[in-house]
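Below you'll find the structure, written out as structure tokens, and then a few comments.
Every number in this text was worked out from the coordinates using simple rules, so none of it is lab data. In this text, all values refer to a predicted model and were calculated from it rather than measured experimentally. In this analysis, Cβ positions are derived from the backbone assuming ideal geometry, glycine residues included, and neighbour counts consider all displayed protein chains.
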């Protein structure tokens with residue numbers, strides 16, 4: 001990796017500090033009112049998010065690049081390696097040097113990690129959460145972050161996660177439905193402030209994918225976000 005690309009890593013990683021910082025003021029205000037009122041790389045196309053990962057040492061990316069805090073290395077992770085359902089809590093804890101534990105409202109336990117897939121404009125930076133059910137299986141994947149070009153992510157979602165495009169104003173929506181109800185969603189919108197000198201954060205990415213083959217509704221947070229989109233005419 002060139003020195004120029006290495007210098008880009010701290011800029012990309014800055015987006016991973018807080019997974020909800022990109023939500024605009026309109027969404028925050030609307031959500032608050034509702035709460036008060038009612039409540040990568042080139043790989044073969046045979047990639048499958050349910051196929052087991054290779055054992056450690058079988059071609060994983062380098063251990064990491066220090067950015068800011070030298071004691072917390074930033075790991076460059078291929079997107080197809082990260083977006084898998086056939087992983088265990090132990091694998092997540094071994095794969096990333098810093099992991100946060102979170103709880104979900106629907107009786108899932110989550111492990112949240114910083115995800116940086118590279119330094120290209122179509123790479124991603126943000127936070128990825130693996131939600132495990134009582135059987136220690138990944139039930140849900142949730143990513144919140146940024147990219148400069150969503151083309152690769154859209155192709156991955158369409159070809160392998162069964163996400164289909166739906167009409168959307170001011171952005172892009174890709175949805176998987178079960179009996180008419182959305183069960184997985186890729187939501188892409190423009191950043192509140194688009195800066196020419198920072199092309200990697202032009203787009204805000206919010207992705208929630210539930211385990212294929214098993215009906216499981218979207219998280220309450222993502223359902224509320226979609227209600228906001230419907231309320232404002234975005235979707």
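Looking only at region 189-235, count every residue that is crowded, with 19+ Cβ neighbours inside 10 Å and in a strand (DSSP E or B) and tell me the total.
Qualifying residue count, region 189-235: 9.
Quick one: which strands (runs of 3 or more DSSP E) lie wholly within region 93-150 and hold at least 3 residues that are in contact with a strand residue (DSSP E or B) (Cβ under 6 Å, 6 or more places away or on another chain) and within 13 Å of residue 207 (Cβ to Cβ)?
So the answer is 124-132, 138-147.
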